[in-house]
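Worksheet: the structure to be examined is printed underneath.
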Amino acid sequence: MSSRNGGTTAFDRLRARFDGRPHACEECGFVDEESEWAAATTGATVEYRHECPGCGDTAVRRYRL
């Protein structure tokens, strides 16, 4: 069963809030209009990463669980 908020788990729903929204790179200023974020967890933290298509810099959002 899928949630109307973008996924079946809390991780999916949070990533859905990042995906597809414009993201401006802090390094080069490139605005990625259709950004996609990758998620990974260690059990103690969840980390969302986005690589800038303009310069390759990686934006990281980290949350402690």
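The values are calculated or read from the model by the stated rules, or taken from the named source; none is laboratory data. Nothing here was measured: the structure is a model prediction, and the numbers come from that model. Neighbour counts are summed over all protein chains in view; Cβ atoms, including those assigned to glycine, are modelled from backbone coordinates with ideal geometry. Remember, those area values only see protein heavy atoms, side chains included, never the ligands or the DNA or RNA. Shrake-Rupley method; radii C 1.70, N 1.55, O 1.52, S 1.80 Å.
Results, tabulated for the structure shown:
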read-out	value
Accessible surface of the chain [probe 1.4 Å, protein heavy atoms]: carbon and sulfur percent	46 percent
Alpha carbon Rg of the chain, scaled by the compact-globule rule 2.2 N^0.38 Å	1.18
The chain: most fluctuating residue of 29, 43, 20 per GNM, C-alpha cutoff 10 Å	43
Probe 1.4 Å, protein heavy atoms only - accessible area per residue of the stretch 10-64 in square angstrom	69 Å²
Rel. contact order, % - alpha carbon contacts under 8 angstrom, at least six apart, the chain	22 percent
Counted charge near residue 62, where neighbours are those whose Cβ lies closer than 14 Å (Asp, Glu -1; Lys, Arg +1)	+3
Extension reserve of the residue 42-residue 64 stretch, reckoned as 0.36 nm per residue once the Cα distance is removed	6.9 nm
Using a Förster distance of 25 Å, the FRET efficiency for residue 31-residue 51 (Cβ separation, nearest 0.05)	0.95
